[in-house]
Amino acid sequence: MVSKKFLFALLLCFIVLVGAIGVYAYIVSNQTSVELVRMDVSNGLILEVDKTVYELGENVTITFTNNSTKTVGLSSPWPFIIRNSEGRMVAPGAVAGKAVYLFPGKSLTRVWNQMDHLSIPTAMVPTGIYTAELYKLLVPTEAELSVSFKIVS
């Protein structure tokens, strides 16, 4: 015959185990696989978004600032690539246009409307984590700037 103390201890262990599993599931479901980074800085070059969390359909403002001592050449007027969390490009960089030169202390700001420009037909991107990367500088540099943000409903 099993004692009441043993049954009580067994029940208590079960309750603690279920609680621990619940806490773990809550933590895992609320984690993001990518740390959200609002600003990236390298050699006086700064890439930033105005915030790290956006509502679905809200404009994402991306700014590249040249705080170096040299003029920076960008390959196009839209020098950013937007990728989803799987790495798929949803907004290409280097749309047709002439090069843009950014003098020291100057910034270039662009707005992304959360449209997947590579889908057919063009559609709003789903919620998730996205990364904006500086596309290509005309003058070779070691700067590989990127920022990440989340789109929520």
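Would you pick out the residues in the range 43-56 that are in contact with a strand residue (DSSP E or B) (Cβ under 8 Å, 6 or more places away or on another chain) and farther than 14 Å from LYS150 by Cβ? It would help to see each step written out before you state the result.
Filtering the range 43-56 down to residues in contact with a strand residue (DSSP E or B) (Cβ under 8 Å, 6 or more places away or on another chain) leaves 44-56.
Residues satisfying the conditions are GLY44, LEU45, ILE46, LEU47, GLU48.
The rows are residues; the columns are (1) surrounded by 13 or more Cβ atoms within 10 Å (Cβ to Cβ); (2) part of a strand (DSSP E or B); (3) at pLDDT below 80.
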position	(1), (2), (3)
SER33	no, no, yes
GLY57	no, no, no
SER76	yes, no, no
GLY93	yes, no, yes
LEU118	no, no, no
PRO121	no, no, yes
Query raised in the report: Pairs under 9 Å by beta carbon, first residue at positive phi in the range 33-51, partner modelled with pLDDT of 80 or more, six or more apart or different chains?
Result: ASN43/SER68; GLY44/THR65; GLY44/ASN66; GLY44/ASN67; GLY44/SER68; GLY44/THR69; GLY44/LYS70; GLY44/PRO104
Requested in this report: From TYR130, TYR101, grab the single residue that is within 15 Å of the chain's Cα centre (by Cα) and within 22 Å of SER42 (Cβ to Cβ).
Outcome: TYR130
Report task. Name, by its number, the condition in (1) small (Gly, Ala, Ser); (2) at pLDDT 65 or above; (3) not assigned by TED's automatic domain parsing to the domain that holds ARG110 that does not hold for ALA20. Result -> (2)
Query raised in the report: Taking the range 75-90 on its own, how many of its residues are over 19 Å from MET39 (Cα atoms) and hydrophobic (A, V, I, L, M, F, W, C)?
Result: 2
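The values are calculated or read from the model by the stated rules, or taken from the named source; none is laboratory data. As the structure is a computational prediction, the values presented were derived from the model and not from experiment. Positions of Cβ are generated from backbone atoms using ideal geometry, with glycine treated the same way; all protein chains shown enter the neighbour counts.
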